[in-house]
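S.K.: Have a look at the structure that comes next, please.
The values are calculated or read from the model by the stated rules, or taken from the named source; none is laboratory data. Remember, predicted model here, so these are calculated numbers, not experimental data. Note that each Cβ is placed from the backbone with ideal geometry, even for glycine, and that neighbours are counted across all protein chains shown. These accessible areas exclude ligands, DNA and RNA; they are computed on the full protein's heavy atoms, side chains included. Shrake-Rupley method; radii C 1.70, N 1.55, O 1.52, S 1.80 Å.
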Amino acid sequence: MSKTPAEMREHLLEQILQRFRRYTGGQTGEKIARAYTYAIEAHGTQQRATGEPYIIHPLAVAAILTDLEVDEDTLTAALLHDTVEDTGITIDEIKTAF
(Lines give C-alpha, C1' and ligand atoms only; values in the text may rest on other atoms or scores of the structure.)
Protein backbone atom coordinates (compact mmCIF):
# COMPACT_ATOMS: atom_id res chain seq x y z
CA MET A 1 0.00 0.00 0.00
CA SER A 2 1.51 3.35 -1.02
CA LYS A 3 1.72 6.30 1.33
CA THR A 4 -0.34 9.45 0.95
CA PRO A 5 1.57 12.69 0.23
CA ALA A 6 1.03 13.74 3.85
CA GLU A 7 2.42 10.42 5.09
CA MET A 8 5.45 10.77 2.80
CA ARG A 9 6.13 14.29 4.11
CA GLU A 10 5.82 13.13 7.71
CA HIS A 11 8.18 10.23 6.97
CA LEU A 12 10.78 12.61 5.50
CA LEU A 13 10.49 14.88 8.53
CA GLU A 14 10.93 11.94 10.88
CA GLN A 15 14.06 10.84 8.98
CA ILE A 16 15.50 14.35 9.32
CA LEU A 17 14.71 14.43 13.04
CA GLN A 18 16.22 10.98 13.61
CA ARG A 19 19.45 11.95 11.85
CA PHE A 20 19.58 15.24 13.77
CA ARG A 21 19.04 13.50 17.11
CA ARG A 22 21.72 10.94 16.31
CA TYR A 23 24.48 13.46 15.57
CA THR A 24 23.50 15.92 18.31
CA GLY A 25 23.38 13.37 21.07
CA GLY A 26 19.61 13.42 21.42
CA GLN A 27 18.52 17.05 21.02
CA THR A 28 14.79 17.02 20.38
CA GLY A 29 14.65 19.06 17.20
CA GLU A 30 11.53 20.83 18.45
CA LYS A 31 12.30 23.97 16.43
CA ILE A 32 12.71 21.86 13.29
CA ALA A 33 9.29 20.29 13.83
CA ARG A 34 7.74 23.73 14.43
CA ALA A 35 9.35 25.07 11.24
CA TYR A 36 7.92 22.16 9.27
CA THR A 37 4.40 22.85 10.60
CA TYR A 38 4.80 26.59 10.00
CA ALA A 39 5.90 26.02 6.39
CA ILE A 40 3.07 23.56 5.72
CA GLU A 41 0.52 26.06 7.01
CA ALA A 42 2.09 29.00 5.14
CA HIS A 43 2.16 27.19 1.80
CA GLY A 44 -1.33 25.76 2.18
CA THR A 45 -2.24 23.94 -1.00
CA GLN A 46 0.53 25.45 -3.16
CA GLN A 47 2.18 22.96 -5.46
CA ARG A 48 5.33 22.96 -7.55
CA ALA A 49 5.14 22.58 -11.32
CA THR A 50 5.60 18.82 -10.78
CA GLY A 51 2.40 18.71 -8.73
CA GLU A 52 4.34 18.01 -5.52
CA PRO A 53 3.54 20.04 -2.40
CA TYR A 54 5.89 22.99 -1.87
CA ILE A 55 7.34 21.48 1.29
CA ILE A 56 9.03 18.64 -0.63
CA HIS A 57 11.95 20.83 -1.74
CA PRO A 58 12.66 22.32 1.71
CA LEU A 59 12.49 18.82 3.20
CA ALA A 60 15.00 17.59 0.62
CA VAL A 61 17.32 20.51 1.41
CA ALA A 62 17.08 19.77 5.14
CA ALA A 63 17.78 16.08 4.53
CA ILE A 64 20.93 16.93 2.57
CA LEU A 65 22.06 19.27 5.32
CA THR A 66 21.77 16.51 7.92
CA ASP A 67 24.57 14.77 6.02
CA LEU A 68 26.68 17.83 6.92
CA GLU A 69 25.49 17.60 10.54
CA VAL A 70 24.37 21.22 10.68
CA ASP A 71 22.74 22.80 13.72
CA GLU A 72 19.04 23.16 14.46
CA ASP A 73 18.84 26.78 13.29
CA THR A 74 20.26 25.84 9.89
CA LEU A 75 17.76 23.00 9.46
CA THR A 76 14.97 25.34 10.55
CA ALA A 77 16.07 27.89 7.94
CA ALA A 78 16.17 25.18 5.28
CA LEU A 79 12.55 24.29 5.99
CA LEU A 80 11.46 27.93 5.94
CA HIS A 81 13.44 29.30 2.99
CA ASP A 82 10.63 28.89 0.44
CA THR A 83 8.11 30.28 2.92
CA VAL A 84 9.56 33.77 2.65
CA GLU A 85 10.09 33.49 -1.09
CA ASP A 86 6.73 32.02 -2.10
CA THR A 87 4.13 33.13 0.45
CA GLY A 88 3.07 36.36 2.10
CA ILE A 89 5.12 35.56 5.21
CA THR A 90 7.84 38.14 5.89
CA ILE A 91 11.29 37.70 7.34
CA ASP A 92 10.17 39.73 10.37
CA GLU A 93 7.32 37.28 10.96
CA ILE A 94 9.80 34.40 10.78
CA LYS A 95 12.09 36.19 13.25
CA THR A 96 9.19 36.67 15.65
CA ALA A 97 8.02 33.07 15.35
CA PHE A 98 11.50 31.56 15.68
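S.K.: Could you check the simple spin-label distance between H11 and E52, using points 7 Å along Cα→Cβ, in nm with one decimal?
M.R.: Here the answer is 1.4 nm between the modelled labels.
S.K.: With a probe of 1.4 Å, find how much accessible area the chain has per residue, and write the answer as a whole number in Å². Walk me through the intermediate numbers first.
M.R.: On the way: 5840 Å² over 98 residues.
Accessible area per residue, the chain: 60 Å².
S.K.: Also, I was wondering about something else. With a 1.4 Å probe and every protein chain left in place, tell me how much accessible area H43 has, in Å² to the nearest 10.
M.R.: Surface open to solvent at H43 totals about 10 Å².
S.K.: How large is the accessible surface of L79 in square angstrom, using a 1.4 angstrom probe and rounding to the nearest 10?
M.R.: Counting only protein heavy atoms, the figure is 0 Å².
S.K.: Select from segment 12-90 those trypsin sites (Lys or Arg not before Pro) which occupy a DSSP coil region and have at most 15 other Cβ atoms within 10 Å, ordered by residue number.
M.R.: On the way: sites: R19, R21, R22, K31, R34, R48; in loops: R48.
Of the trypsin sites (Lys or Arg not before Pro), the ones in loops of segment 12-90 whose Cβ has at most 15 other Cβ atoms within 10 Å are R48.
S.K.: Then there is this: Between A60 and E30, what is the spin-label point distance in nm, taking each point 7 Å from the Cα along the Cα→C-beta axis?
M.R.: Placing both labels 7 Å along Cα→Cβ, they lie 3.2 nm apart.
S.K.: Report, please, the projected area of segment 1-79 averaged over directions, based on the convex hull of its C-alpha atoms, in nm². Show your work: numbers first, answer last.
M.R.: Values: hull surface 21.5 nm².
It is 5.4 nm².
S.K.: In percent, what relative contact order does the chain have, based on Cα pairs under 8 Å that are 6 or more apart in sequence? All intermediate terms of the calculation are to be shown ahead of the outcome.
M.R.: Details: 82 pairs, mean separation 29.7, N = 98.
The normalised contact order for the chain reaches 30 percent.
S.K.: Additional query: Could you work out the helix-only [θ] at 222 nm for the chain, with each DSSP H run of four or more residues adding -39,500 (n - 2.57) and the total divided by the number of residues, to the nearest 500 deg cm²/dmol? Intermediate values should be presented prior to the final figure.
M.R.: Numbers: 5 runs with 68 residues, N = 98.
Mean residue ellipticity at 222 nm (helix-derived): -22000 deg cm²/dmol.
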